[in-house]
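Engineer: Before I ask anything, here is the structure I am working with.
The values are calculated or read from the model by the stated rules, or taken from the named source; none is laboratory data. It should be emphasised that the depicted structure is a prediction, and the values quoted were computed from it without experimental measurement. Cβ sites come from the backbone with ideal geometry, for glycine too, and all protein chains shown count toward neighbours.
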Amino acid sequence: MKRFTIVFAVLMLAMVACAPKVTKITLMQNKPEIDGALKAYAADWSKTSKNEVTIKSVGGSTGADLGKQLKADYAAGDMPDIFVIAGPEDYKEWESIILDLSSEKWVSKTAVAFKTNGKTYGFPVAVEGWGMAYNADVLAKAGVDPAGLVNLDSYAKAFAKIDAMKAALGIKSVVSMAASIDMSWVTADHNFNSLLSNGLPYGDLSVTKDLASGKVDATRLAEYADWVELLFKYADRTVLTTGNYDAQVGAFASGKAAFLHQGNWTDPNMKAANATFKMAFAPHGSMKADTNGIFVAAPSFYVINSKSKNVAGAKKFLEDLVFTDAGNKYMVEGAGMIPAYSNVSLKPSGQLSASVQAWAASGKVYSWNQYNFSTDFRQKTLGPIYNQLATGKIDKAKFVALMATAFGSLKK
């Protein structure tokens, strides 16, 4: 009996030793709209690999901030294996632990990877874009041609006309726009980019560099302030001042707003809300001069923590997104994203993504330059200025003065 017990114990130890070792990977990302699809894909991927993937989504309507959460996790010694950066300033913050991915085979399949100093560090999550999303059915009923929405004056006239017809059109507001402190990524990231790149050749950083050095073009800033004021004037007050992501997107998806200040990443929300009306993007009207394009780029990048205990597994997870049918289907069909990789032939079905692709195919695109400014500057310095204008605590003149002072503080 004793010999049997010993033999059994030895066999059990051998079975444990031979069992496949399951390693764990944590991915932290900032797009709540893809949370469900990403978790479903990660669960399926985990079943066929030797890795167990946990997805942590931070941002959007949760009011949480990815940057703050990463700092907290770093302090606690619990950094994720894969996490998101938005651009140069985020890279500078985490440079010491971001892995060089230059030798990965997906690098040759994308033109929008995050690179610096000749090396590749960031895996582009997708290609995204935004302008002013519009309900084409509502605009048609109001007699507004979206092709004519190319400058401040055309938007001012269209907004006034639609506003006077709200009851007949069955809408609650002309614009669905959020400007609460928790939604500063809408104002101090996406709207701010209108000031930085609207009307400029793709990749032109002239305005960005001027503002970063404290040099302000008074005329451009004044016109931009007119644009911000116009959006706020015709927005639903509750959504504008206290609304979260779901409230803002939901107002448009339910047909209660003619315009939405968001991008094609809201396609999954439109699908979930069964929004079947025709929709597309028009340019931002932040200038008196005509503009003919929307803002298109890679929105963010997955980077790998060089201190991770499972770098190989993290690399494999990213690689399989690009080179497996399941990964491709997740990106395009599950998450509704425009793929950033040339080998992916699937096309997203969402109307807003189709609109972004159409603008991009015609070459009518402007850069994303907001991430050349630090997260703290955008969220802690600029965000509250937009919020004060939205809530009526300051007027447009004060908004301009505070913005100019903010840029002046960057002067070295």
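Engineer: Of the numbered conditions (1) assigned to a loop (DSSP other than H, G, I, E, B); (2) over 19 Å from Ala40 (Cβ atoms), Ile304 satisfies every one except a single condition; which is it?
Structural biologist: The single condition Ile304 does not satisfy is (1).
Engineer: Right, here's the next one. Just name the residue that is farthest from Gly129 (Cα to Cα) out of those in segment 176-202 that are touching a residue at least 12 places away in the same chain (Cβ under 8 Å) and assigned to a loop (DSSP other than H, G, I, E, B).
Structural biologist: Here the residue is Ser180.
Engineer: Further question on the same structure: Looking for something in contact with a Ser or Thr (Cβ under 9 Å, 6 or more places away or on another chain), modelled with pLDDT of 95 or more and under 20 Å from Asp217 (Cα atoms) - is there at least one such residue anywhere in segment 388-395?
Structural biologist: Checked segment 388-395: no residue is in contact with a Ser or Thr (Cβ under 9 Å, 6 or more places away or on another chain), modelled with pLDDT of 95 or more and under 20 Å from Asp217 (Cα atoms).
Engineer: With respect to Ala335, is the statement that it is buried (at least 19 other Cβ atoms within 10 Å of the Cβ), assigned by TED's automatic domain parsing to the domain that holds Gln29 and in contact (Cβ under 8 Å) with a residue 24 or more places away in the chain true?
Structural biologist: Considered against the rule, which asks whether it is buried (at least 19 other Cβ atoms within 10 Å of the Cβ), assigned by TED's automatic domain parsing to the domain that holds Gln29 and in contact (Cβ under 8 Å) with a residue 24 or more places away in the chain, Ala335 comes out as yes.
Engineer: Across segment 153-168, what is the number of residues that are crowded, with 19+ Cβ neighbours inside 10 Å and hydrophobic (A, V, I, L, M, F, W, C)?
Structural biologist: Of the residues in that region, 3 qualify.
Engineer: Need pairs with beta-carbon distance below 6 Å; first residue farther than 13 Å from Asn191 by Cα and within segment 380-393, second among the aliphatic types (A, V, I, L, M); sequence gap 6+ or separate chains.
Structural biologist: Filtered contacts from segment 380-393: Thr381/Ala406; Gln388/Ile394; Ala390/Ala179; Ala390/Leu240.
Okay, residues lined up against (1) surrounded by fewer than 22 Cβ atoms within 10 Å (Cβ to Cβ); (2) of a type outside the set (Gly, Ala, Ser):
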site	(1), (2)
Ala218	yes, no
Leu221	yes, yes
Thr242	yes, yes
Asp246	yes, yes
Leu260	no, yes
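Engineer: Let me ask something else. Within segment 82-102, work out how many residues are assigned to a strand (DSSP E or B) and either among the β-branched types (Val, Ile, Thr) or farther than 21 Å from Thr23 by Cβ (or both).
Structural biologist: So the count comes out to 4.
Engineer: Moving on. Within segment 215-251, track down each residue that is in a helix (DSSP H, G or I) and more than 20 Å from Asn193 (Cβ to Cβ).
Structural biologist: Scanning segment 215-251 gives Lys233, Arg237, Thr238, Val239, Thr241, Thr242, Asp246, Ala247, Gly250, Ala251.
Engineer: If Lys161 passes every condition in (1) touching a residue at least 24 places away in the same chain (Cβ under 8 Å); (2) in contact with a helix residue (DSSP H, G or I) (Cβ under 8 Å, 6 or more places away or on another chain) but one, which one does it miss?
Structural biologist: Failing condition for Lys161: (1).
Engineer: Sticking with this structure for a sec: Considering only residues that are more than 14 Å from Ser308 (Cα to Cα) and crowded, with 23+ Cβ neighbours inside 10 Å, which ones fall in segment 72-100?
Structural biologist: Within segment 72-100, Val84, Ile85, Ala86, Asp90 meet the criteria.
Engineer: Let me ask something else about it. Have a look at Thr219, Thr242, Thr238, Thr187 and point out the one that is in contact with a helix residue (DSSP H, G or I) (Cβ under 7 Å, 6 or more places away or on another chain) and among the β-branched types (Val, Ile, Thr).
Structural biologist: Matching residue, one of Thr219, Thr242, Thr238, Thr187: Thr187.
Engineer: On to the next question. Test Ser184 against the criterion of being of a type in the set (Ser, Thr, Tyr), farther than 20 Å from Ala297 by Cβ and out of contact with any Ser or Thr (no Cβ under 6 Å at 6 or more places or on another chain), and give yes or no.
Structural biologist: No.
Engineer: Of everything in segment 103-134 that's surrounded by fewer than 16 Cβ atoms within 10 Å (Cβ to Cβ) and part of a loop (DSSP other than H, G, I, E, B), which residue is nearest to the chain's Cα centre (by Cα)?
Structural biologist: Top of the filtered list is Ala111.
Engineer: Let me ask something additional. Assess whether Ile385 counts as being part of a loop (DSSP other than H, G, I, E, B), β-branched (Val, Ile, Thr), modelled with pLDDT of 95 or more and crowded, with 16+ Cβ neighbours inside 10 Å.
Structural biologist: No; evaluated as a whole, the condition is false for this residue.
Engineer: Give me the residue from segment 41-59 that is among the hydroxyl-bearing types (Ser, Thr, Tyr) and out of contact with any strand residue (DSSP E or B) (no Cβ under 8 Å at 6 or more places or on another chain) and, out of that set, modelled with the highest pLDDT.
Structural biologist: In this case the residue turns out to be Tyr41.
Engineer: So in segment 319-341, with the set limited to residues that are among the hydroxyl-bearing types (Ser, Thr, Tyr) and under 21 Å from the mean Cα position of the chain (by Cα), which one is nearest to Gly129 (Cα to Cα)?
Structural biologist: It comes out as Tyr341.
Engineer: Shifting gears a bit: Using the structure shown, decide if Gly327 is surrounded by 20 or more Cβ atoms within 10 Å (Cβ to Cβ), of a type in the set (Gly, Ala, Ser), assigned by TED's automatic domain parsing to the domain that holds Thr208 and in a helix (DSSP H, G or I).
Structural biologist: no
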